[in-house]
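Colleague: The structure follows.
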Protein chains: 2
Amino acid sequence: MDPALRALGEFGLIGLIRRQVAHRSPGTLLGIGDDAALLAVPEGRNLLVTTDMLLEGVHFQRRWGRPRDLGRKALAVNVSDIAAMGGHPLYALLGLAIPPDGFTLEELQALLTGMEEEAATYGVTLVGGDTCGSQSGLVLSVTLVGLAPVGPALLRSGAKPGDGLWVTGMLGGSAAGLAALELGLRPGAEWPADLHRPGWLGTEEEAAIQAAMTAHLTPTPRLRAGQVLVGCATAMIDVSDGVASDVGHLCAESGVAARVVASQLPMHPGARVVARLTGRDAVELALRGGEDYELLFTSATDPKGLLSGAAPDLWVTRIGEVLAGEPTPKLVQADGREEPLAGGFDHLREPAG
Amino acid sequence: MDPALRALGEFGLIGLIRRQVAHRSPGTLLGIGDDAALLAVPEGRNLLVTTDMLLEGVHFQRRWGRPRDLGRKALAVNVSDIAAMGGHPLYALLGLAIPPDGFTLEELQALLTGMEEEAATYGVTLVGGDTCGSQSGLVLSVTLVGLAPVGPALLRSGAKPGDGLWVTGMLGGSAAGLAALELGLRPGAEWPADLHRPGWLGTEEEAAIQAAMTAHLTPTPRLRAGQVLVGCATAMIDVSDGVASDVGHLCAESGVAARVVASQLPMHPGARVVARLTGRDAVELALRGGEDYELLFTSATDPKGLLSGAAPDLWVTRIGEVLAGEPTPKLVQADGREEPLAGGFDHLREPAG
């Protein structure tokens, strides 16, 4: 372990985190420093609670990006879950296992800074956690507590036949960014000397790849969009496993079928470039890549007006529709053929990234 | 990965956990199966939230015990944190990273069964979590949400000079059990053939070692005791790092000094036996071993009557007193010498177990 971290020790580190966590909401009656955090909940509101882990070697490689971005992402993926319920995130807890070597106190502080920045953006206070050494890689486990919207909750289970199937933003960017990182490309860096650069790849294509890496390393949770969709969306989920899986989850929970039209998928420009670069299928990246952290939702009405007021720069696209029938989604290919839409990433089946 | 687990896949596993989690409190409006759990909170009550990680190779070795006990412990250590605030645990979330080999679906189900049993004992419902593959060991990250007691919260910061310093149960058992496991002893098993058995070690001593291993592998959180101490205890903490560290935490948060009397420490019988077996100091195990998950608290009055009604089988011992002065605790040795009481286990400084 880094000598500065070792000298600090577990309790010194907790003290450091406690001092660094300046942002404190009025509901935080007691944050870091006791056996549990003591938190106020407004009267008559229900809670939303979610947890997501990021493991080195499974969800990320440390060499891919800055610790600050990793801190941001660890919080962002949890905010995305609260967004998908139309909720308001409030309190975060961080479980942190620190690797035995190659991770410095400066990197740890940068990670905490990134998490704090993201927390401040979304009105979240870091109220507690757990710190230990790890025998292998860095482990981040974030739990987020928030408030459910007033009135009926926005679940995965409310989709009705006839609803449109919509998605915010663009798809396939994160998977394309991951593929680019695996090729050795890095955010803000020159094209690697040992990687063949095809003649067709110009400045615009390189910018698209950079945007894809950004989408992967620092996804933007669609919190405001999720909140304004309460009352409009009939069901909602965030795109973490990939649209193919996530449409499947919506169908299974709602007891409906759905049809996704491949040609209507809002493709991230980086997905097309990386697909061409690696000989993969861009539609495949968009459907099964995962980690886009966009909102996938169903609605009986057109949500564009609602969203353009709250999140004017955010695209929203109708990618299909909800149907009656067995809860197995279908994909309409470019040539009009209809086929079953099989799931995306499965953490227990795929090799780790 | 175990073929049965791989065949089940991530979503199959989530489905399995969802079916296995039969115990459901009335406040669980929506448990496993959406982006976040949706939970009710009684009006006018504050929340307690805590998180604790258990990493293979750091906090445990899989060969030491049954997966069922590991599931119990993962929940118990979090219940202990809520107990130390005098609270009522309600909802748990489980982050689970499954190792690439040597961990079967049966073992995973046993782990979940243990967690469920412990949850049912303490009125907790498993409402959500996150599942993924791990590249190295098993990782369990549990978050527990509970209710704070009605009225003023029971914190680490309320100790006053003149208060007695008390502890429930016995100390050093967990550290002794850990040392025994490291020697190759196992719960319920014969003495290992390759380990020298000293002549002085009889049936009674062996039973004490067995009890110590039980204390380490399946600690009992003192939930009821913590709850009845609300209004009596002025400050409270659970003994997770070791009494030496934990008295230090109480002193630091309360801005008081304290004196711990070595001869008054309620020694676990296994601590004496293992200390003799390994040439270690039993008082050292009790003070700096950690993981006893007893309650350490301060009180202006004798808490025995209160505790004997609520937890009749639970010992409670006065081990010292709170003093005015610099927040550095002191230890009175058997020979009457007084020395500074230095801290116990530090996860960033010590080699992993």
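Colleague: Please list, ordered by first then second residue, the pairs with beta carbon atoms under 6 Å, 6 or more apart or interchain, first in segment B:153-172 and of a type in the set (Ser, Thr, Tyr), second surrounded by fewer than 19 Cβ atoms within 10 Å (Cβ to Cβ) and in a loop (DSSP other than H, G, I, E, B).
Modeller: B:168/B:314
Colleague: Looking at segment A:13-44, which of its residues are of a type outside the set (Asp, Glu) and at the interface with another protein chain (Cβ under 8 Å from one of its Cβ atoms)? Walk me through it before giving the result.
Modeller: Looking only at segment A:13-44, we keep the residues that are of a type outside the set (Asp, Glu), and these are A:13-33, A:36-42, A:44.
Once the filter is applied, which keeps residues that are of a type outside the set (Asp, Glu) and at the interface with another protein chain (Cβ under 8 Å from one of its Cβ atoms), segment A:13-44 yields A:13, A:29, A:30, A:33, A:36, A:37, A:38, A:39, A:40, A:41, A:44.
Okay, residues lined up against (1) surrounded by fewer than 18 Cβ atoms within 10 Å (Cβ to Cβ); (2) within 14 Å of chain A (Cβ to nearest Cβ); (3) not in a loop (DSSP other than H, G, I, E, B):
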{"site": "B:280", "(1), (2), (3)": "yes, no, no"}
{"site": "B:287", "(1), (2), (3)": "no, no, yes"}
{"site": "B:291", "(1), (2), (3)": "no, yes, no"}
{"site": "B:307", "(1), (2), (3)": "no, no, yes"}
{"site": "B:314", "(1), (2), (3)": "yes, no, no"}
{"site": "B:322", "(1), (2), (3)": "no, no, yes"}
{"site": "B:334", "(1), (2), (3)": "yes, no, no"}
{"site": "B:343", "(1), (2), (3)": "no, yes, no"}
{"site": "B:347", "(1), (2), (3)": "no, yes, no"}
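Colleague: How do the strands (runs of 3 or more DSSP E) wholly within segment A:111-210 filter down when requiring 1 or more residues that are farther than 22 Å from residue A:317 by Cβ and either outside the structural domain of residue A:318 (by TED's automatic domain parsing) or small (Gly, Ala, Ser) (or both): which remain? Before you say what the answer is, go through the steps one by one.
Modeller: Details: elements: A:125-133, A:139-147, A:164-168.
In segment A:111-210, A:125-133, A:139-147 are the strands (runs of 3 or more DSSP E) which contain 1 or more residues that are farther than 22 Å from residue A:317 by Cβ and either outside the structural domain of residue A:318 (by TED's automatic domain parsing) or small (Gly, Ala, Ser) (or both).
Colleague: Let me ask something else about it. In segment A:79-93, is there at least one residue being in contact with a Lys or Arg (Cβ under 8 Å, 6 or more places away or on another chain), crowded, with 20+ Cβ neighbours inside 10 Å and not aromatic (Phe, Trp, Tyr)? Let's see the steps before the verdict.
Modeller: From segment A:79-93, those in contact with a Lys or Arg (Cβ under 8 Å, 6 or more places away or on another chain) are A:80, A:83; that's our starting set.
Imposing the further condition that a residue be crowded, with 20+ Cβ neighbours inside 10 Å reduces the set to A:80, A:83.
Checking which are not aromatic (Phe, Trp, Tyr) leaves us with A:80, A:83.
Looking for residues that are in contact with a Lys or Arg (Cβ under 8 Å, 6 or more places away or on another chain), crowded, with 20+ Cβ neighbours inside 10 Å and not aromatic (Phe, Trp, Tyr), one finds at least one in segment A:79-93, hence yes.
Colleague: For the list (1) within 14 Å of chain B (Cβ to nearest Cβ); (2) crowded, with 23+ Cβ neighbours inside 10 Å, I need the number of the one condition that residue A:258 fails.
Modeller: Single failed check for residue A:258: (1).
Colleague: Okay, moving on. What are the residues in segment A:39-63 that are at pLDDT below 95, of a type in the set (A, V, I, L, M, F, W, C) and out of contact with any Gly (no Cβ under 8 Å at 6 or more places or on another chain), if any?
Modeller: If the condition is that a residue be at pLDDT below 95, of a type in the set (A, V, I, L, M, F, W, C) and out of contact with any Gly (no Cβ under 8 Å at 6 or more places or on another chain), then no residue fits.
Colleague: Regarding residue A:155, is this residue within 22 Å of residue A:321 (Cα to Cα), out of contact with any His (no Cβ under 6 Å at 6 or more places or on another chain) and at the interface with chain B (Cβ under 7 Å from one of its Cβ atoms)?
Modeller: Values: within 22 Å of residue A:321 (Cα to Cα): yes; out of contact with any His (no Cβ under 6 Å at 6 or more places or on another chain): yes; at the interface with chain B (Cβ under 7 Å from one of its Cβ atoms): yes.
Considered against the rule, which asks whether it is within 22 Å of residue A:321 (Cα to Cα), out of contact with any His (no Cβ under 6 Å at 6 or more places or on another chain) and at the interface with chain B (Cβ under 7 Å from one of its Cβ atoms), residue A:155 comes out as yes.
Colleague: Of the residues A:58, A:124, only one is touching a residue at least 12 places away in the same chain (Cβ under 8 Å) and farther than 30 Å from residue A:1 by Cα; which? Break it down into steps so the answer makes sense when it comes.
Modeller: Values: A:58 fails: farther than 30 Å from residue A:1 by Cα.
Result: A:124 is the single residue among A:58, A:124 that is touching a residue at least 12 places away in the same chain (Cβ under 8 Å) and farther than 30 Å from residue A:1 by Cα.
Colleague: Has segment B:173-190 got at least one residue that is crowded, with 16+ Cβ neighbours inside 10 Å and over 22 Å from the mean Cα position of the chain (by Cα)?
Modeller: Looking for residues that are crowded, with 16+ Cβ neighbours inside 10 Å and over 22 Å from the mean Cα position of the chain (by Cα), one finds none in segment B:173-190, hence no.
The values are calculated or read from the model by the stated rules, or taken from the named source; none is laboratory data. Just so it is clear, the structure is predicted and the values come from calculations on it, not from any experiment. We place every Cβ from the backbone using ideal geometry, glycine too, and count neighbours over all the protein chains shown.
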